[in-house]
Each structure stands twice: as C-alpha cells, then as structure tokens.
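Written out below as structure tokens is the structure these notes cover.
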Amino acid sequence: MTDLIEALKILTPTLEPWQLIYQDDQLLVVNKPAMLLTVPGRHPANFDCLVSRVQQQFPTAQVVHRLDYDTSGLVILPLTKAALSNISKQFQARTVHKQYQALVQGEVDPASGSIDLPIAADPARRPLYKICQQQGKPSLTHYELISYDSSHDLSRLLLSPVTGRSHQLRVHLLSLGHPIIGDTLYGDAKNQAQSPRLCLHAASIEFCHPVSGKLLQFTAAAPF
C-alpha cells in the first residue's frame, strides 16, 4: 500500500525549461532542470516530464537513462531505435562515464576516495534506500573534494558513480556523514533549510556516438 501511495504522489513540475546541449540525426543531449521527472509518473497528473516536453519538438526522442525528479543535469535522448539499442548496450557495459557535482554538509576528509557499500530498498521507509550488507546490491562511487566553504561548512564534491543504483549518491554520501544539501528524503530540517532544491547535478557525460563511434563529451555547469 505504501508503494502505491508513493507511486501516485503528485509532483509539481518546475516551469524552468530544458536546454538543448547537442543535436544530430541520431540523438540529443539535454540539460534537465531540477524538480522535473525524466519520464511520466504513474499518477495521471505527473505526465509533464522531460521526455514529454522534448517530444513536442523532437517526436522520436526516447529515454535510455534517467535522473531523479530532484536532480538536474545531462540526459542522453536517442532519436532512433538503432541509437537507443547502441547506447543502451554502452550503459549495460558501463562504458558511459558520468560525473556529478554535489554540495554536502561538513568538511569531507579524506579529500578523495571510494564508497563501496551495497544498497537495498528500505521496506520500512519506502521509497527510501539503505546500506545493507545482507541484501544490498554492489554499489561503488568515487569522490573528490573540489572545494570547502568553511563559513557555511559545505563541501563541493565531484562524484563518479561506477554503478547506477537508485538513490546511490544520496545514500553513499549519507553513509559518510555528509548528506547532500536540500535532500527532502534523507536530510534533516537543517539540511533541507539550506537550499530549496537538492544540490546534485549531472555535470558531465562521456559516451561513443552510436553510428560514428566517435567519443562524445559534454558538460553543463552546476546551477548551485
């Protein structure tokens, strides 16, 4: 019942527009704003999403990967079935490389490292996830400190997830004691009060063009 209630939750979409970063006859790369689903939700009121907006201009745009409603950043949208199949295989082979920027609470020490902790759904607190050694799926995130703001006690991190579990970056950083700022799911009241949005942004993506095989690299600056 809790799952159904959560699935039917109405999410208010942002009025901020998506940005076209790259276009050819095979694919698009777009910058998704925060507070926008990547695909339609189960509730009819959650039809407004990134792909429905993009399809108004590019009717054949399809989804090959997603960002959370709260997360902004780069998304690849194939325009053909062949491109969809090829890029899907790149994701499955983990040859698509993504990096995120995040603002987190506290000074992160050491300044770089890896978080190798298994993640599982938390049945008692759906739709949340948790670290679970018994039932969790292997999950790996590399991180690097970009800067530390001592006046606000905030660290800016560069995150490189190797796996792509649901809520992986949120849960891994929480496990370090450094929750992402503005996290309405995992942060406390102080954390949530510091930003009107989740400070997590897919800042770069690298993959091979599905036809030419050329390595493509794109970046989008974090809006926080």
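The figures follow:
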quantity	calculated
Answer from Lys130, Lys137 - the residue that is open to solvent by 40 Å² or more (accessible area, probe 1.4 Å), closer than 20 Å to Gln92 by Cα, at pLDDT 95 or above and not aromatic (Phe, Trp, Tyr)	Lys137
Only listed residue being outside any loop (DSSP other than H, G, I, E, B), in contact (Cβ under 8 Å) with a residue 60 or more places away in the chain and over 14 Å from the mean Cα position of the chain (by Cα), chosen from Leu216, Leu157	Leu216
Which listed residue is of a type outside the set (D, E, K, R), outside any helix (DSSP H, G or I) and modelled with pLDDT of 95 or more, from Val63, Val54	Val63
Counted residues, segment 160-208 - those being in a loop (DSSP other than H, G, I, E, B), more than 18 Å from Val108 (Cα to Cα), β-branched (Val, Ile, Thr) and touching a strand residue (DSSP E or B) at 6+ places or on another chain (Cβ under 7 Å)	2
Number of the condition not met by Ile21 [criteria: (1) out of contact with any Phe, Trp or Tyr (no Cβ under 6 Å at 6 or more places or on another chain); (2) in a strand (DSSP E or B); (3) open to solvent by 20 Å² or more (accessible area, probe 1.4 Å)]	(1)
Residues that are within 21 Å of Gly106 (Cα to Cα) and of a type outside the set (Ser, Thr, Tyr), drawn from segment 131-147	Ile131, His142, Glu144, Leu145, Ile146
Any hit, segment 103-114, residues being touching a Pro at 6+ places or on another chain (Cβ under 6 Å), buried (at least 19 other Cβ atoms within 10 Å of the Cβ) and touching a residue at least 24 places away in the same chain (Cβ under 8 Å)	yes
Hits in segment 113-127 - residues which are at pLDDT 95 or above, of a type in the set (D, E, K, R) and in a loop (DSSP other than H, G, I, E, B)	Asp122
Segment 24-80, residues that are open to solvent by less than 10 Å² (accessible area, probe 1.4 Å) and not aliphatic (A, V, I, L, M)	Lys32, Pro33, Thr38, Asn46, Cys49, Thr71, Ser72, Gly73, Pro78
Meets criteria (surrounded by fewer than 21 Cβ atoms within 10 Å (Cβ to Cβ), more than 21 Å from Ile131 (Cβ to Cβ), in contact with a Ser or Thr (Cβ under 6 Å, 6 or more places away or on another chain) and of a type outside the set (Gly, Ala, Ser)) for Arg156	yes
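The values are calculated or read from the model by the stated rules, or taken from the named source; none is laboratory data. What you see is a predicted model, and the numbers here were worked out from it, not measured in a lab. For neighbour counting, all protein chains shown are included, and Cβ atoms are generated from backbone atoms with ideal geometry for every residue, glycine included. For the accessible areas, the whole protein counts, side chains as well, though only heavy atoms, and no ligand, DNA or RNA atoms are used. Shrake-Rupley method; radii C 1.70, N 1.55, O 1.52, S 1.80 Å.
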